[in-house]
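Take a look at the structure below.
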Amino acid sequence: MISEELFPIVDEVGNVTGRATRSECHGGSMLLHPVVHLHVMREGGFLYLQKRAMDKDIQPGKWDTAVGGHVDFGESIAEALFREASEELGLRGFVPTKLPPYVFTSDRERELVNPYYVIVAEDEVLAPDPGEITEGRFWHVDEIKANVGRDVFTPNFENEFELIKDYIK
C-alpha cells in the first residue's frame, strides 16, 4: 500500500513545526509548507516554462516555473531542489543561485516558496518528464510579458515573474 506524501509544516522563516499529508496541505487547511522553484534561463532573454499536466490537483494545464515541487518531510531544501530538477527536466550538476523566499497564498493553500535560478547554455538538453509536464519550452521575456494576466500562466508564476524578470538577461 502506498501511503500519502508527508510534507513538513513550517513557520514563515522555514523552521519545521510539524507535518501533514498532501491532501491536508492542499485541502484548504492553509498549513504553511515549503516548496522549491527553479527558473531555468538562457542568454538572450529566455526563460524555460513547463505546461502543467491536466491531472495536477493545482492549476492543471497552465504554464509554470520550469521546476517546482514540494519538499518532502525530512528532506532539505537543497535535496528537494536537485531531486525535482532531475525528475522534471533531467537537469543535473548545476549550480543554482538562491533568491529570497516568500509566502504564496491561494484559496486552497499556503506555500513557503524557495526560489532559485540557473543560466544554462544554449545547447543544454532538457528532458521533460511526460508524467509531470505536458510540454516545455523557452519563452522570450517579451512573450511572457504579453501573456501575463491572460490566464496562460499560474498565478504563482505571474507573481514570481515580477521578482525574477530583472535576472533574465
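Just so you know, all these numbers are worked out from the coordinates, no wet-lab data involved. Note that this is a predicted model, so its numbers are computed, not measured. Here the Cβ positions follow ideal geometry from the backbone for every residue, glycine too, while neighbour counts run over all protein chains shown.
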Equivalent ellipsoid dimensions for the range 1-82 as semi-axes, Å, which come from the Cα gyration tensor, largest first: 25, 17, 11
If you bin every alpha carbon distance in the chain into 5 Å steps from zero, what whole percent lands in each bin? 1, 9, 18, 22, 23, 16, 8, 3, 1, 0
Between GLU135 and VAL95, the two model label points (7 Å from Cα along the beta-carbon direction) sit apart by a distance in nm of 3.5 nm
Compute the angle between helix 155-164 and the longest alpha-carbon principal axis of the chain, please, reported from 0 to 90 degrees and rounded to the nearest 10. 60 degrees
Pairs of lysines 8 or more apart, or on different chains, with alpha carbons under 18 Å: count those in the chain, would you? 7
Let me understand the range 113-166 better: what is its radius of gyration from the alpha carbons, and its Dmax, in angstrom? 12.6, 31
Work out how much length LYS145 to THR21 would gain on full extension: take 0.36 nm times their residue separation and subtract the Cα-Cα distance, in nm to one decimal. 41.1 nm
Once phi is turned into ³J(HN,Hα) by the Karplus curve 6.51 cos²θ - 1.76 cosθ + 1.60 with θ = phi - 60°, what whole-Hz value does each residue of the range 62-77 show in order, with x for glycine and proline? 9, 7, 8, 3, 3, 9, x, x, 7, 8, 6, 4, x, 9, 7, 4
Per the helix-only model, the chain has a calculated mean residue ellipticity at 222 nm (DSSP H runs of ≥4, -39500 (n - 2.57) each, divided over all residues, rounded to the nearest 500) of -6000 deg cm²/dmol
For the chain, what does the relative contact order come out to in percent, with C-alpha contacts under 8 Å and a separation of six or more? 28 percent
